[in-house]
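Asker: The structure's right below; bear with me while I get my questions together.
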Amino acid sequence: MENLISMGDAKDIVYELVNIAEDLKSGKITDKPLKDKSVGMIFEKSSTRTRVSFEVGIHQLGGQPLFLTTKDLQIGRGEPIPDTARVLSRFLDCITIRAKKHETVLELAENASIPVVSALTDLEHPCQIFADLLTIKEYKGDFDRKIVFIGDGNNVCNSLLLAAAYIGMDMTVACPEGYEPDGEIYELALEEAKVTGAKIEIERDVEKAVENADVLYTDVWISMGDEDQKEERERVFVPYQINMELLSKAKDDAIVMHCLPAIRGQEITDDVMLCDQSAIWDQAENRLHAQKAVLYYLFTNN
Ligand code: CP
Ligand code: NVA
């Protein structure tokens, strides 16, 4: 893996990255491959978890993080992405970038001579998924499970679908019509699932979807960039809420996950977020270990 832009970039090393994250978390891995290295972190959108976990993680691996907002970079005044990529490659050892458009990250990577890691785009959020897989492993011990993603077939859902297909985890997406995951990614996941035996499906009936589920996962109805569709989305997604009643229809020991930030009362209720079945806070913590694993891999394998 030279870059991590799509979950597909890590197709063959999903387990390895989860294992590295586990070893970093437990203290089994202690070396610091980012010593004397600098990592630029470009953000075009808001972030709490991704920004802080990358910044802390880079420091813990011995490196120097540079938090760069596009507002302050010359990108904000129109400097082309390729020029930015060429110049930053002369100073830095790696770039992480959260961008509005997936194409921006691809363009950056094409013109950079150092690894590029996506910190979320409109299409995917691969770093999130490694934290999610680590969390599922911690709670369930294996991936021979059924995960149900409830709500918008968005960036998080897209990356999770690919991961589920690669590792053979059954995944049902419960979403309203018109809010399915990306078509190409869904088709790719179905292809990959044929190899691993994962059952991948879309189900409109959310109660039916959660039957026999080990993991219920949700994300906001209105992602960053979708604000102009607020009214429509707040209407369409009403049946797609994780509340205690829906949770009671999954397996008794099902866990609840949410990448955060959450809008309580929309995609999830407060009592679910704070109940014993919520894995949400461990999942958030695992962002740190998972991102360190991605950087650890990039700096020890390239
Ligand atoms: N889950 C996630 O990526 O959170 P942030 O937007 O706070 O980084
Ligand atoms: N789907 C959300 C994820 C935030 C971490 C968004 O893109 O805003």
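Since every read-out is calculated from the coordinates, none of them should be taken as a lab result. Remember, it's a predicted structure, so these values are computed and weren't measured experimentally. Virtual Cβ from ideal backbone geometry, glycine too; neighbours counted across all protein chains shown.
Asker: With point charges of +1 on the Cβ of Lys and Arg and -1 on the Cβ of Asp and Glu, referenced to the Cα centre of the chain, which listed residue (220, 281, 29) lies farthest in the positive direction of the dipole?
Answerer: Positive-end residue among those listed: 29.
Asker: Out of region 122-178, which GluC sites (Glu not before Pro) are coil in DSSP terms and have no more than 15 other C-beta atoms within 10 Å?
Answerer: 177
Asker: Can you count the Lys pairs in region 1-155 with C-alpha separation below 16 Å, eight or more apart or on different chains?
Answerer: The result is 7.
Asker: Could you tell me how far the Cα centroid of region 22-37 sits from the Cα centroid of region 169-246, in Å?
Answerer: One Cα centre to the other: 35 Å.
Asker: Using mean Cβ contacts within 10 Å as the protection proxy, how do 199-207, 53-61 order, highest first?
Answerer: 53-61, 199-207
Asker: Cβ under 10 Å from residue 20's Cβ, residue 20 left aside: what net charge do those residues give with Lys, Arg +1 and Asp, Glu -1?
Answerer: 0
Asker: Taking the highest mean first, how do the peptides 181-190, 270-279 order by number of other beta carbon atoms within 10 angstrom per residue?
Answerer: Ranked from most to least packed, the peptides come out as 181-190, 270-279.
Asker: Assign unit charges at the C-beta atoms only (+1 for Lys and Arg, -1 for Asp and Glu), then state the dipole size of the chain relative to its Cα centre in Debye, rounded to the nearest 20.
Answerer: Using only the charged Cβ atoms, the result is roughly 1100 debye.
Asker: Sticking with this structure for a sec: By the scheme Lys and Arg +1, Asp and Glu -1, what is the net charge of all other residues having a beta-carbon under 13 Å from that of residue 140?
Answerer: -4
Asker: Name the residues whose placed amide hydrogens come within less than 5 Å of the amide hydrogen of residue 202, ignoring near sequence neighbours (fewer than 5 apart) on the same chain.
Answerer: It is 173, by chain and number.
Asker: Among DSSP bridges having both ends in the chain, what percentage is antiparallel? Round to the nearest 5.
Answerer: Bridges in the chain that DSSP calls antiparallel: roughly 0 percent.
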